[in-house]
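Since the structure comes first, as structure tokens, the remarks are kept for the end.
The values are calculated or read from the model by the stated rules, or taken from the named source; none is laboratory data. Just so we're clear, the structure is a prediction, and the values are computed from it rather than from any experiment. Neighbour counts are summed over all protein chains in view; Cβ atoms, including those assigned to glycine, are modelled from backbone coordinates with ideal geometry.
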Amino acid sequence: MCARIPRAPAVIAAVLALACLASCGGSERTGTAFCRQLAKEVPAIGGTVTTKTQALGVVERYERLLEKAPLTIEPDLRVVTDLLRLATRVDTQDPAQVQELADASYKADQASENVREWVKSTCAVDLATGLSIEPPRTVPTTTTTVVAPAP
């Protein structure tokens, strides 16, 4: 019985410390927080990338999005972010590195499609263009009257 008493205060202190960290400085990983961050990042994400500096900037933006990504989309967004990071390091004169990037691009295809669809349905933004789109239209409900057959 004496062994339990010291554990309880330690567990309570640990839980309180984690709660404080989560509320005081933790990263909010919700769809709303992600969409808010995306709104800040999207002007530069949808643009054309022509320099290494611009490419590094896009990677930084995706890393910030990754910090806010809900757990449902985080693994796929990590794959996309890693692909972008790899692209910034490729020496286009080295055929092996170019092939590595091509292979990674094929492997990331499904993850990027998952991210694109999730962002489109959650934030109403098309990542391919960086443009806001109309949210999905809700189909109006219809009511029908059923007439019982005559006896």
Next on the checklist: Whether any residue in segment 75-84 is among the β-branched types (Val, Ile, Thr) and at pLDDT below 90 is what I want to check.
Outcome noted: no
Item to check | Selection count, segment 109-126, where residues are touching a Pro at 6+ places or on another chain (Cβ under 8 Å) and either at pLDDT 95 or above or surrounded by 13 or more Cβ atoms within 10 Å (Cβ to Cβ) (or both) | outcome: 2
Checklist entry - Looking at Pro43, is it assigned to a helix (DSSP H, G or I), at pLDDT below 90 and either surrounded by 17 or more Cβ atoms within 10 Å (Cβ to Cβ) or not acidic (Asp, Glu) (or both)? => result yes
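Yes or no, residue by residue, for (1) surrounded by 10 or more Cβ atoms within 10 Å (Cβ to Cβ); (2) more than 25 Å from Gln110 (Cα to Cα); (3) at pLDDT below 95:
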{"position": "Arg7", "(1), (2), (3)": "no, yes, yes"}
{"position": "Ala14", "(1), (2), (3)": "yes, yes, yes"}
{"position": "Gly26", "(1), (2), (3)": "yes, yes, yes"}
{"position": "Thr32", "(1), (2), (3)": "yes, no, yes"}
{"position": "Cys35", "(1), (2), (3)": "yes, no, yes"}
{"position": "Gly47", "(1), (2), (3)": "yes, no, yes"}
Next on the checklist: Which condition from (1) assigned to a helix (DSSP H, G or I); (2) under 10 Å from the mean Cα position of the chain (by Cα) is the one that Ala55 breaks?
Outcome noted: (2)
Next on the checklist: Quick check on segment 68-108: of everything there that is loosely packed, with under 14 Cβ neighbours inside 10 Å and under 14 Å from the mean Cα position of the chain (by Cα), which residue is farthest from Ser121 (Cα to Cα)?
Outcome noted: Pro75
